[in-house]
Each structure stands twice: as C-alpha cells, then as structure tokens.
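Remarks on the structure that follows.
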Amino acid sequence: ENEFEVTLSIEGKAEMGETLMFSFELAYAGVFRILNVPPENLHPLVMIECPRLLFPFAREIIASAVRDGGFPPLMLDPVDFVGLYRQNIERQAAAQPAPQTKLS
C-alpha cells in the first residue's frame, strides 16, 4: 500500500534524410516506498517527483548506448514533470462532461 512502481518510458530516433540512423525504446522503472505523506499530496508526488528521480539514470543509459553504438553523444533535455502533470490534469478535466443543471 505504501509502495509504488513508476515506469518512465522514453522513445526516440535519429534520421539522416530518409535513412534511419538509430532508434531506441527504454522502460526504466523504480519502486518507491512513500510514508507520512498526506493523501492529497500522494498523486503529485508519484507523478512528478518519482519520474524526476528516475530521469537522470534513464538519460545516462540512452546516452551511453548511443555513444557505444558509435554515434555522436545524445543528451536528452531535462523534462518539466510539473508542467506535464498540469497538462494531464487539465486534459482530464476538459474531457469530463460538465455537470448538468436543471432549469425550472
């Protein structure tokens, strides 16, 4: 109940003209034990802070694999997990139907 598995999925590719130089898919996961956090803060913590902790390790795995493949270094830009979280919340709110009011 206090443990959460968070998986960060990253995909990418590099093309030169019409030629695919390389592509990658990475699923990097972590298990987080979260204690003493108020319930209203749990969802943002899992969706923002956990991926933020995983991302540097995932970025290094990708950079190493690309470099070891003989390609120029690939450094992924930092990700704004707060911004992504807000976008998802807004998208979910917009997708829900507006409450119906009865006029008499």
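The values are calculated or read from the model by the stated rules, or taken from the named source; none is laboratory data. What you see is a predicted model; the values in this text were computed from it and never measured. Please note: Cβ atoms are built from the backbone with ideal geometry, for glycine as well, and neighbour counts cover all protein chains shown.
Points to keep in mind about this one:
- Flag: residue 59 matches the condition of being modelled with pLDDT of 95 or more, of a type outside the set (Gly, Ala, Ser) and in contact with a Leu (Cβ under 7 Å, 6 or more places away or on another chain).
- Restricting 5, 1, 18 to those that are at pLDDT below 95 and either out of contact with any Asp or Glu (no Cβ under 6 Å at 6 or more places or on another chain) or surrounded by 13 or more Cβ atoms within 10 Å (Cβ to Cβ) (or both) reduces the list to 1.
- Scanning region 7-47 for residues that are among the hydrophobic types (A, V, I, L, M, F, W, C), within 11 Å of the chain's Cα centre (by Cα) and under 30 Å from residue 72 (Cα atoms) yields a total of 4.
- Taking the numbered list (1) of a type outside the set (Lys, Arg); (2) exposed (fewer than 12 other Cβ atoms within 10 Å of the Cβ); (3) in contact with an Asp or Glu (Cβ under 9 Å, 6 or more places away or on another chain) in turn, residue 78 passes all entries but (3).
- Of the residues in region 68-80, not one is touching a Pro at 6+ places or on another chain (Cβ under 6 Å), under 26 Å from residue 5 (Cα atoms) and not polar (S, T, N, Q).
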